[in-house]
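See structure below.
The values are calculated or read from the model by the stated rules, or taken from the named source; none is laboratory data. Given the structure is predicted, the values throughout are model-derived calculations rather than measurements. All Cβ positions, even for glycine, are placed from backbone atoms using ideal geometry, and neighbour counts span all protein chains on display. Ligands, DNA and RNA are excluded from the accessible area calculation, which covers all protein heavy atoms including side chains. Shrake-Rupley method; radii C 1.70, N 1.55, O 1.52, S 1.80 Å.
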Amino acid sequence: MTAISTPDTQPVQAEKPAVAPRRPRAYRRLLAPALTRVAALALVLGLWAVVTAAGLVDPLYLPSPRAVWEAFVRANSRHPIAPGVDRTVIGEQNYYLWEHLLASLQRIAAGVGIAIVVGPPVGFVMGMLTPVRLVTEPILNFLRSLPPLGYIGLLIVWFGIGDLSKVWLLFLAAFPPIAIATLSGVTGVKQDYLNAARSLGAGRAQVISRVVLPATLPEVIGGIRIATAFAWTTVVAAELNNGIPGIGGLAYIAGTQLNTPLTIACIIVIGCAALVLDSVIKFLGTKAVPWKGKA
């Protein structure tokens with residue numbers, strides 16, 4: 001403390017400015033949820049290891065985490081075709097696991113990509129024109145309710161067992177959620193917003209471009225997230241026939257061969273890829289519609 005003297009007063013002590021309490025840093029706010037997730041994952045792996053080590057479940061039905069890891073490593077490396085044989089093979093089914101995953105992602109990108117191009121315009125027209133909605137909405141709901149295995153055989157008859165039938169299946173899985181989400185966004189625009197725009201002199205085109213489209217875009221992005229997740233869940237069905245290379249096809253073949261460790265490894269890869277895809281779409285959606293939740 002520093003003393004300050006004046007001619008008419010006694011020396012006074014200058015007070016130090018109050019120090020504001022430290023705010024929790026951003027990394028601390030992020031660290032706690034991450035540690036919680038890591039702890040939960042470690043608990044699941046620990047219980048899995050204990051159950052398999054104790055022999056409570058036959059390894060055919062539930063292999064150990066180590067066996068699954070070894071199957072994962074084997075699927076991503078060159079290895080002898082059999083013990084004591086010099087001939088080596090690549091991964092599984094002559095492809096590395098990452099190549100299987102990449103092939104499935106390419107099919108997803110094609111099917112969902114076409115749905116993203118077609119779905120929003122269809123949903124927008126349905127939302128803007130009531131007669132069109134009355135005719136097409138039952139058809140859209142019919143397609144949405146069909147399970148993928150219900151028409152995979154018909155698609156194979158129409159388009160063969162190549163990638164074209166798989167892309168069509170993924171498109172039909174992704175198109176209804178995107179179109180319905182767009183329709184919901186258009187019909188959910190508040191009438192007050194439309195009236196306010198018209199009262200300010202906006203024409204029909206301006207109302208659509210400045211009010212309806214921005215208000216609908218968050219719903220469209222939400223529909224794309226749902227559609228991508230649903231299409232990804234149908235990847236195994238899409239790759240039941242001639243699905244190699246493909247992570248779904250590999251999981252199916254491994255299951256038919258009773259190769260449970262490889263099957264579980266494929267399931268884990270499919271799940272992790274789905275989480276990454278959803279996180280990427282969510283991040284891009286946040287950047288594309290920063291006004292969401294602020295109106």
key: Contacts under 9 angstrom Cβ, first residue in the stretch 30-58 being on the phi < 0 side of the Ramachandran plot and loosely packed, with under 10 Cβ neighbours inside 10 Å, partner assigned to a helix (DSSP H, G or I) and not hydroxyl-bearing (S, T, Y), 6 or more apart   = L56/V50
task = Go through the stretch 55-74 and give me each residue that's part of a helix (DSSP H, G or I) and out of contact with any Phe, Trp or Tyr (no Cβ under 7 Å at 6 or more places or on another chain).
result = R66, A67, V68, W69, E70, A71, F72, V73, R74
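Provide a single number: the residues in the stretch 159-188 that are open to solvent by 20 Å² or more (accessible area, probe 1.4 Å) and either in contact with a Ser or Thr (Cβ under 6 Å, 6 or more places away or on another chain) or closer than 23 Å to L105 by Cα (or both).
So the answer is 12.
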ask   = Between residues in the stretch 258-277 that are more than 14 Å from W98 (Cα to Cα) and residues that are open to solvent by less than 30 Å² (accessible area, probe 1.4 Å) and part of a loop (DSSP other than H, G, I, E, B), which pairs lie under 8 Å by C-beta distance while being six or more apart or on different chains?
value = T260/P63; P261/P63; I264/P63
task = Determine, yes or no, whether R198 is surrounded by fewer than 20 Cβ atoms within 10 Å (Cβ to Cβ), over 28 Å from K282 (Cα atoms) and either within 26 Å of the chain's Cα centre (by Cα) or of a type outside the set (V, I, T) (or both).
result = yes
query = Can you name the number of the only condition in (1) free of Cβ contacts under 8 Å to residues at least 60 places away in the same chain; (2) open to solvent by less than 30 Å² (accessible area, probe 1.4 Å) that P131 fails?
reply = (2)
Residue satisfying condition, being closer than 30 Å to D58 by Cβ and out of contact with any helix residue (DSSP H, G or I) (no Cβ under 9 Å at 6 or more places or on another chain), within set L262, L275 = L275
remark   = For the stretch 138-154, the count of residues that are without any contact (Cβ under 8 Å) to a residue 60 or more places away in the chain, open to solvent by less than 70 Å² (accessible area, probe 1.4 Å) and either under 12 Å from A179 (Cα atoms) or hydrophobic (A, V, I, L, M, F, W, C) (or both) equals 4
message = Taking the criterion of being over 25 Å from I281 (Cβ atoms) and outside any helix (DSSP H, G or I), would at least one residue in the stretch 202-224 satisfy it?
response = yes
Top-ranked residue in the stretch 78-121 [being assigned to a loop (DSSP other than H, G, I, E, B), open to solvent by 40 Å² or more (accessible area, probe 1.4 Å) and of a type outside the set (A, V, I, L, M); ranked as modelled with the highest pLDDT] = Y96
remark   = Scanning the stretch 245-291 residue by residue, the ones that are at pLDDT 90 or above, surrounded by fewer than 16 Cβ atoms within 10 Å (Cβ to Cβ) and part of a loop (DSSP other than H, G, I, E, B) total 2
